[in-house]
Amino acid sequence: QVQLVESGGGLVQPGGSLRLSCAASGNIYRISTMGWYRQAPGNQRELVATSTSGEGTNYSNSVKGRFTISRDNAKNSVYLQMNSLKPEDTAVYYCNADVQRAFWDRLRNYWGQGTQVTVSS
């Protein structure tokens, strides 16, 4: 099995910064895409940012220029640096990854348990 564990959420004032981390562990042969999604109360889960090996990064328009996604492939980890945070960024942030567990296996999608980010004065 594969587990994704997020950390780094919390309460921050508008204009502040937070850095989220996500580490994947378990039976991992290769990770293709790692990314972050978020879900605010009453809303659907939405893409924040993704990073695909060999293809680059992708951001939602609402966070472009404020958030930066990065990866450490040696640690099977992905990070989200969030700057200039706004109250509308308040949500549960979920880590997501497409993982190949063995050379003969297909890519499988996994989710973390989520970490709360609250932007409020």
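The values are calculated or read from the model by the stated rules, or taken from the named source; none is laboratory data. Remember, it's a predicted structure, so these values are computed and weren't measured experimentally. Glycine gets a Cβ as well: all are built from the backbone with ideal geometry, and neighbour counts include every protein chain shown. When the accessible area is computed, the model is the full protein with side chains, heavy atoms only, and any ligands, DNA or RNA have been set aside. Shrake-Rupley method; radii C 1.70, N 1.55, O 1.52, S 1.80 Å.
Looking across Arg19, Arg106, Arg38, one residue alone is basic (Lys, Arg), modelled with pLDDT of 95 or more and buried (at least 19 other Cβ atoms within 10 Å of the Cβ). It is Arg38. Of all residues in the stretch 46-63, those that are closer than 14 Å to Glu88 by Cα and outside any strand (DSSP E or B) total 4.
Answer with yes or no whether Asp98 is of a type in the set (Asp, Glu) and surrounded by fewer than 15 Cβ atoms within 10 Å (Cβ to Cβ). It is false that Asp98 is of a type in the set (Asp, Glu) and surrounded by fewer than 15 Cβ atoms within 10 Å (Cβ to Cβ).
In the stretch 11-28, the residues that are in contact (Cβ under 8 Å) with a residue 12 or more places away in the chain and more than 12 Å from Thr115 (Cα to Cα) reach residues that are of a type in the set (Val, Ile, Thr) and open to solvent by 60 Å² or more (accessible area, probe 1.4 Å) with C-beta atoms within less than 9 angstrom, at least six apart or across chains, in these pairs: Ala23/Val5; Ala24/Val5; Ser25/Val5.
I need the full set of residues from the stretch 41-61 which are of a type in the set (Asp, Glu) and either under 14 Å from the mean Cα position of the chain (by Cα) or open to solvent by less than 50 Å² (accessible area, probe 1.4 Å) (or both), in order please. Residue satisfying the conditions is Glu46 alone.
May I ask you to verify whether Ala74 is aliphatic (A, V, I, L, M) and part of a strand (DSSP E or B)?
For Ala74, the condition - aliphatic (A, V, I, L, M) and part of a strand (DSSP E or B) - is not met.
The one condition from (1) assigned to a loop (DSSP other than H, G, I, E, B); (2) exposed (fewer than 13 other Cβ atoms within 10 Å of the Cβ) that Glu88 does not meet is (1). Counting only residues that are basic (Lys, Arg) and assigned to a strand (DSSP E or B), the stretch 91-111 holds 1 of them. Every condition in (1) open to solvent by less than 40 Å² (accessible area, probe 1.4 Å); (2) part of a strand (DSSP E or B); (3) farther than 22 Å from Val2 by Cβ is met by Thr68 except one, and the failing one is (1).
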